[in-house]
Amino acid sequence: MLAGIGRTLRTAFRSFRPGSRGERQPTLKHLEKLAKATHTPFGYLFLPSPPEEHLPVPDYRSVGSVRQERPSPELLDTLYTMQRRQAWLRESLVENEAEPLDFVGIARLSDDPSDAGRKMRRAIGLDRGWAAKVRDWEDAVSELRRAIEQLGVMAVVNGVVGNNTHRRLSVAEFRGFALTDSYAPLIFVNGADAKSAQMFTLAHELAHVWLGSEGLSGFEGLVPEGQGDSFLRGQS
């Protein structure tokens, strides 16, 4: 991605040749191209220093690690887009006098995980051996996503920003996130990830909805080697 941005910048600034003392200034058109190539708001280029951009949701990626990185424009744009989509859906549901979803925030961290998992599986209408009935990981993801959406949770799987195939989402940066709301909860899964990992992320973010806690997730060693197939067959 950085190499692609570098090529874009060289193309945008090929006509810009500052003097030996650097006295020549870039034109407004140069700055507009720079802002577009780097996905930076145009006004930011006139600030004395780069602004601190913070995630609009809690960051759970730091659990078990010391990573504190600046969020990428791709991650921020995806988060803001999903927040706007959620706000639109919530407004529509409220205007049509829909009832709030009773499972949002119903769980507690002190609950027994196995019992909570059984309740969640029953709520979305999947029996214990449901994964053994599907052909492969892709079908498993589709089936779980369908069941989650029938429950009233918006489940989005995408590996790029919107429809822009030139702006891929980084699996190293995040696996998914949850935006909780009593009317329009939303789960986002990084579609650039492996299908087996997407399964785990869907379930993990649904648990966030059950707890009523939104946030960004990233996992190390998501599916241990040799365990993916047994899970798909419903043996774990």
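The values are calculated or read from the model by the stated rules, or taken from the named source; none is laboratory data. Source: prediction; values computed, not measured. Using ideal geometry, Cβ is built from the backbone for each residue, glycine included, and neighbour counts are taken over all protein chains shown. For accessibility, only protein heavy atoms count, side chains too; no ligands or nucleic acids. Shrake-Rupley method; radii C 1.70, N 1.55, O 1.52, S 1.80 Å.
Within 12 Å, Cβ to Cβ, of Thr201, how many net charges do the neighbouring residues add up to if Lys/Arg are +1 and Asp/Glu are -1?
On the way: positive: Arg145, Arg175, Lys195; negative: Asp193, Glu205.
That sum, taken over residues with Cβ under 12 Å, equals +1.
What are the residues whose amide H is under 5 Å from the amide H of Asp59, where those residues sit 5 or more places off or on another chain and H is modelled from the backbone?
Long-range HN contacts for Asp59: Leu216.
Work out, step by step, the length gained on full extension between Ser114 and Asp102: first 0.36 nm times the residue separation, then minus their alpha carbon distance; give nm to one decimal.
Extending this stretch completely gives an extra 2.3 nm.
Would you list His54, His166, His208 from the most to the least accessible area, probe 1.4 Å? Intermediate results must be reported in sequence, preceding the final value.
Values: His54 130, His166 165, His208 20 Å².
So the residues, ranked largest to smallest area, are His166, His54, His208.
May I ask for the net charge around Leu126, where only other residues with Cβ less than 11 Å from the Cβ of Leu126 are counted and Lys, Arg are +1 while Asp, Glu are -1? It would help to have the intermediate numbers written out before the result.
On the way: positive: Arg118, Arg121, Arg122, Arg128, Lys133, Arg146; negative: Asp127, Glu143.
Summing Lys/Arg as +1 and Asp/Glu as -1 gives +4.
Taking amide H positions as placed in the peptide plane 1.01 Å from N, state which residues far from Val157 in sequence (5 or more) or on other chains have amide H under 5 Å from it.
Residues meeting the criterion, in which the H sits 1.01 Å from N, are Val189.
Quick one: what are the phi-derived ³J(HN,Hα) couplings along the stretch 108-122, Karplus 6.51/-1.76/1.60 with θ = phi - 60°, whole Hz, x for glycine and proline?
3J(HN,Hα) across the stretch 108-122, in whole Hz: 10, 4, 7, 5, 5, x, 5, 5, 5, x, 5, 5, 5, 5, 5.
Give me the accessible area of Arg168, 1.4 Å probe, in Å² rounded to the nearest 10.
Spelled out: Arg168, probe radius 1.4 Å, area about 140 Å².
Provide the FRET efficiency to the nearest 0.05 for the Asp127-Thr165 pair, computing r from the beta carbons and using R0 = 35 Å.
With R0 = 35 Å, the Cβ-Cβ based efficiency is 0.40.
Calculate, in nm to one decimal, what Glu91 and Glu53 gain on full extension: separation in residues at 0.36 nm each, minus their alpha carbon distance.
Result for the pair: 11.0 nm of gain on full extension.
Hey, for a label at Glu149 modelled as a point 7 Å past Cα toward Cβ, could you say which residues of the stretch 185-219 have their backbone N under 19 Å away?
Within reach of a label on Glu149, which here means backbone N under 19 Å from a point 7 Å along Cα→Cβ, the stretch 185-219 contributes 185-193, 195-196, 198-207, 209.
Give the percent of DSSP beta bridges with both residues in the stretch 150-226 that are antiparallel, rounded to the nearest 5.
65
Could you run the Karplus curve 6.51 cos²θ - 1.76 cosθ + 1.60 with θ = phi - 60° over the stretch 192-200 and give me ³J(HN,Hα) per residue in whole Hz, x for Gly and Pro?
Working through the residues one at a time gives 7, 7, 5, 4, 5, 5, 4, 4, 4 Hz.
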